[in-house]
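First comes the structure, then the notes that go with it.
The values are calculated or read from the model by the stated rules, or taken from the named source; none is laboratory data. This structure is a prediction, so every number in the text was calculated from the model and none was measured. Here Cβ is always computed from backbone atoms with ideal geometry, including for glycine, and neighbour counts include all displayed protein chains. Just the protein is used for accessible areas: all its heavy atoms, side chains included, with ligands, DNA and RNA removed. Shrake-Rupley method; radii C 1.70, N 1.55, O 1.52, S 1.80 Å.
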Amino acid sequence: MATIASLLNTAELPDSPTPRLDAELLLAHALGKSRSYLHTWPEREVEAESAARFAADLARRRAGEPVAYILGQQGFWSLELEVAAHTLIPRPDTELLVETALALVPAAPASVLDLGTGSGAIALALASERPAWRLTGVDRVPEAVALAERNRQRLKLDNVTFGASHWFSALAGRRYRLIVSNPPYIAADDRHLGEGDLRFEPRSALVAGADGLDDIRRIIEQAPAHLEAGGWLLLEHGFEQAAAVRELLAARGFAAVESRRDLGGHERISLGRFNHE
Ligand SMILES: C[S@@+](CC[C@H](N)C(=O)[O-])C[C@H]1O[C@@H](n2cnc3c(N)ncnc32)[C@H](O)[C@@H]1O
């Protein structure tokens, strides 16, 4: 029978940028244990059934499938989220949006909207930090809405509601103190769509027209009708899109327009405040 150490040492993932980490995550998953268990018990023998499951998962990873889809879960903020192929795997980059939202609006009761909620990552992270906020998360893809709702139930966060909506279509007459979104923002012909995890994620979560700004344009155009006086719009975008997004916000009449940089120095989110005259 193979041991934990021998299975890890013979796992081949030539195309992965993180082969050892991937193998450890997949073996821990096959065993139903944590990664630290693997480090503590390297000489422990692995049952044939678990070894077969590990081999099958390794083959999926060798074919390029993201580890998060194979595991069916991904950590985001302080939360462990179920993920599925109908929407984006939440990225650490998006934690900048969560941090900025938390710093922008006081912890007092407020209505907050997450557009294109996907797994529910942003709405659930905000809800977990701000029990007094009432969060709404919407997505156009019904399977994403169902996934977000499963995450909400598992995390027992009662201050969030998820629903289906094509941007604001199902939200007529509703206004928010803060609207956040990590919308699709990749240009349709971007070569990165053929690389890495992006190959496996749905186009509906990634692509937004010829310049990647179609959805951001739509959201900026429609957001003022759904913001309270002095309410904020906060958008994630590609690192080369910040100037264009700031321009769109200013042209629509937003004030206090600015972009924020991630730890790598890239301008990845932009925001503005709308003061109704
Ligand atoms: C980049 S993903 C972000 C998912 C999640 N908010 C996150 O940060 O991990 C964009 C999401 O927007 C959704 N979406 C795309 N077009 C939409 C539309 N017209 N109305 C609402 N949601 C939309 C996609 O289904 C996808 O879940």
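Tell me the residue from L124, L104, L115 that is within 15 Å of the ligand (Cβ to nearest atom) and closer than 12 Å to L178 by Cα, please.
L115
Taken across the range 92-102, residues that are in contact (Cβ under 8 Å) with a residue 24 or more places away in the chain, closer than 18 Å to P202 by Cβ and in the same structural domain as A210 (by TED's automatic domain parsing) do occur, with at least one present.
Whether a residue is in a helix (DSSP H, G or I) and within 31 Å of the chain's Cα centre (by Cα) was assessed, and L58 passes this test. Listed by first and then second residue, the pairs with beta-carbon distance under 7 Å, at least 6 apart or on different chains, first residue in the range 187-202 and more than 15 Å from E240 (Cα to Cα) and of a type in the set (A, V, I, L, M), second assigned to a loop (DSSP other than H, G, I, E, B) and more than 15 Å from the ligand (Cβ to nearest atom), are A188/A210.
Within the range 71-91, not a single residue is among the aromatic types (F, W, Y), within 20 Å of A205 (Cβ to Cβ), open to solvent by 20 Å² or more (accessible area, probe 1.4 Å) and away from the ligand (no atom under 12 Å from the Cβ).
Of the residues making up the range 87-142, those that are closer than 14 Å to W232 by Cα and more than 16 Å from the chain's Cα centre (by Cα) are L102, A103, L104, V105, P106, A110, S111, V112.
Might you let me know whether the range 206-219 holds any residue that is in contact with a Ser or Thr (Cβ under 7 Å, 6 or more places away or on another chain), in contact (Cβ under 8 Å) with a residue 24 or more places away in the chain, small (G, A, S) and closer than 25 Å to A144 by Cα? So far as the range 206-219 goes, no, none of its residues is in contact with a Ser or Thr (Cβ under 7 Å, 6 or more places away or on another chain), in contact (Cβ under 8 Å) with a residue 24 or more places away in the chain, small (G, A, S) and closer than 25 Å to A144 by Cα. Selection within the range 246-263: residues that are in a helix (DSSP H, G or I) and open to solvent by 40 Å² or more (accessible area, probe 1.4 Å). The member of this set that is nearest to T100 (Cα to Cα) is R246. Every residue in the range 92-133 that is of a type in the set (S, T, N, Q), surrounded by fewer than 24 Cβ atoms within 10 Å (Cβ to Cβ) and closer than 19 Å to R154 by Cα, please. Across the range 92-133, the qualifying residue is only S128. Name the residue that is least open to solvent (accessible area, probe 1.4 Å), counting only residues in the range 9-38 that are among the charged types (D, E, K, R) and part of a loop (DSSP other than H, G, I, E, B). Filtering the range 9-38 for residues that are among the charged types (D, E, K, R) and part of a loop (DSSP other than H, G, I, E, B), the one least open to solvent (accessible area, probe 1.4 Å) comes out as K33.
A Cβ distance below 9 Å, combined with a sequence gap of six or more or placement on separate chains, defines the contacts here; from the range 43-64, residues that are open to solvent by less than 60 Å² (accessible area, probe 1.4 Å) reach residues that are in a strand (DSSP E or B) in the pairs V46/T3. When restricted to residues that are under 20 Å from P90 (Cβ atoms) and surrounded by fewer than 16 Cβ atoms within 10 Å (Cβ to Cβ), the range 157-189 contains 3.
In the range 137-148, the residues that are under 16 Å from W167 (Cβ atoms) reach residues that are among the basic types (K, R) and open to solvent by 10 Å² or more (accessible area, probe 1.4 Å) with C-beta atoms within less than 9 angstrom, at least six apart or across chains, in these pairs: G137/R152.
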